[in-house]
């Protein structure tokens with residue numbers, strides 16, 4: 001059985017962290033990605049903090065019998081790299097560089113700058129819908 005409260009709390013905490021860290025500010029993100037121009041290193045600290053948290057989590061998880069709110073862990077099983085994965089990662093990076101947002105910060109930005117973020121989120125949802133339409137044909 002799914003429990004909604006932990007998901008809501010963790011999602012809210014994640015969104016607040018993105019906003020507090022500056023990840024919802026497209027200008028700051030583009031400044032971070034502009035390595036050969038006017039580079040803004042502040043998001044390196046946000047990403048470094050995320051890496052530290054995940055390093056701790058990946059040490060703790062193998063010692064747990066099960067997650068707190070599920071019966072078992074659901075880890076990815078695929079380990080291969082294919083053209084679809086590489087192409088998707090490239091499109092993600094290009095979109096992140098152009099828009100200055102990616103899905104998590106884009107949704108969190110709906111609270112801070114709803115009109116600007118709504119354009120991004122609607123385009124993201126449209127892209128997801130288009131992939132769903134053609135996904136059956138490619139597999």
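Contact annotation: residue pairs with Cβ atoms under 7 Å, 6 or more positions apart or on different chains, pairing a residue in the range 121-132 that is at negative phi and at pLDDT 90 or above with a partner that is surrounded by 11 or more Cβ atoms within 10 Å (Cβ to Cβ) and part of a helix (DSSP H, G or I), are 121/106; 121/107; 121/110; 124/103; 124/106. In the range 1-67, counting only helices (runs of 4 or more DSSP H) that sit wholly within it, the ones holding 1 or more residues that are over 21 Å from residue 117 (Cα atoms) span 4-21, 42-60.
The values are calculated or read from the model by the stated rules, or taken from the named source; none is laboratory data. What you see is a predicted model; the values in this text were computed from it and never measured. Methodologically, a virtual Cβ is constructed for each residue, glycine included, from the backbone with ideal geometry; neighbour enumeration extends over all protein chains shown.
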